[in-house]
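Quick one: structure below, then a few questions.
Just so it is clear, none of the values below were taken in a lab; they were calculated from the coordinates. Because the structure is predicted, anything quoted here is derived from the model rather than measured. FYI the Cβ positions are ideal-geometry reconstructions off the backbone, even for glycines, and counts take in every protein chain you see.
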Protein chains: 2
Amino acid sequence: MSQTHIFADIPKQLPEELFTTLFKNPHVHIERIVSQGHASAEGFWYDQPWDEWVLVLQGQAQLAYEDQADSLLNAGDYVLITAHTKHRVAWTAAEEVTVWLAVHSCSPD
Amino acid sequence: MSQTHIFADIPKQLPEELFTTLFKNPHVHIERIVSQGHASAEGFWYDQPWDEWVLVLQGQAQLAYEDQADSLLNAGDYVLITAHTKHRVAWTAAEEVTVWLAVHSCSPD
């Protein structure tokens with residue numbers, strides 16, 4: 001089977017965060033997220049009915065939660081966001097691209 | 001939530017491949033595999049009833065399949081091994097540690 005590189009096809013300009021589905025079946029959705037200086041909208045919280053496991057592959061970012069201390073994520077750091085844990089992206093590095101791998105345990109569809 | 005580093009706790013000696021479960025729920029099993037010079041036993045084929053998505057985070061390895069060309073995987077390369085695709089690890093780098101991230105779409109249990 002042909003392999004693909006996780007850092008392939010990252011555009012030089014990122015007006016919006018870039019979400020790319022790497023794999024999806026009825027059990028799991030794996031996506032790459034590329035950010036640069038992006039953050040969730042003020043006051044917005046993700047509230048997902050599925051578990052999400054995220055690994056920062058490059059860059060730096062901070063996740064904020066409604067009810068617990070923030071996670072500062074450098075390259076190589078991973079964290080589990082259990083279902084219905086309200087969270088948001090507090091910030092991502094402005095000077096370099098941050099590449100996340102996100103594994104959602106079920107499709108939201 | 002507290003974060004953990006994907007390269008944490010890698011022993012200096014690896015008599016066997018090291019399998020570490022990073023997350024597991026009824027839908028997905030995420031594990032880290034650390035190899036150094038390991039390969040599947042001659043003539044052995046993995047034949048799994050679930051999809052597996054693997055990403056090499058460090059090192060180099062080659063996957064062989066029963067019915068198709070091999071995958072040479074350098075750091076950053078990922079590949080999907082669909083259910084019941086017979087595969088084996090042909091080799092992993094001897095001079096450095098190879099760290100794999102494997103996402104199994106269902107628990108084998």
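Using a 7 Å offset from Cα along the direction of the beta-carbon, what are the separations from B:Leu14 to the same position in each other copy, nm, ascending?
Reported distances to equivalent positions: 2.9 nm.
Now for a different question. Can you list the lysines whose alpha carbon is less than 25 Å from that of A:Lys86, not counting same-chain residues fewer than 8 positions off?
The qualifying lysines are A:Lys24, B:Lys24.
Taking a label point 7 Å from Cα toward Cβ, how far is A:Ser2 from its twins in the other copies, in nm, shortest first?
With the label placed 7 Å along Cα→Cβ, A:Ser2 yields 4.4 nm.
Can you give the net charge of the other residues whose Cβ lies under 15 Å from the Cβ of B:Ala69, counting K and R as +1 and D and E as -1? Walk me through the numbers before you get to the answer.
Numbers: positive: B:Lys86, B:Arg88; negative: B:Glu66, B:Asp67, B:Asp70, B:Asp77.
The answer is -2.
Let me ask something else about it. Using 5 Å bins from zero, what percent of all Cα-Cα pairs in the protein assembly as shown falls into each bin?
Bins of 5 Å from zero give 1, 7, 14, 19, 19, 17, 11, 7, 4, 1, 0, 0 percent of pairs.
Let me ask you something else. What are the nm distances, shortest first, from B:Ala41 to its equivalents in the other copies, labels at 7 Å along Cα→Cβ?
Label point to label point, same position, other copies: 5.7 nm.
Using θ = phi - 60° and the Karplus curve 6.51 cos²θ - 1.76 cosθ + 1.60, what whole-Hz ³J(HN,Hα) does each residue of segment B:43-55 get, with Gly and Pro shown as x?
Each residue of segment B:43-55 in turn: x, 7, 10, 6, 9, 9, x, 9, 6, 10, 10, 10, 10 Hz.
Given a Förster distance of 22 angstrom, what is the FRET efficiency for A:Gln68 paired with A:Glu95, based on the Cβ-Cβ distance and rounded to 0.05? Spell out each step's value before the answer.
Values: r = 28 Å, r/R0 = 1.27.
Working from the Cβ atoms, E equals 0.20.
While we're looking at this one, here's another question. List, in order, the whole-Hz ³J(HN,Hα) value for each residue of segment A:19-29 obtained from phi through the Karplus relation with A = 6.51, B = -1.76, C = 1.60 and θ = phi - 60°; use x for Gly and Pro.
10, 10, 6, 9, 6, 8, 9, x, 9, 8, 10
Another question, then. Enumerate the amide H contacts of A:Trp91 below 5 Å, restricted to partners 5 or more residues apart or on another chain; note that Pro and chain-start residues carry no placed amide H.
So A:Trp91 has HN proximity to A:Gln62.
Once amide H atoms are placed 1.01 Å from N in the peptide plane, what residues at a sequence separation of 5 or more from B:Val28, or on another chain, have their amide H within under 5 Å of its amide H?
HN-HN under 5 Å from B:Val28: B:Ser107.
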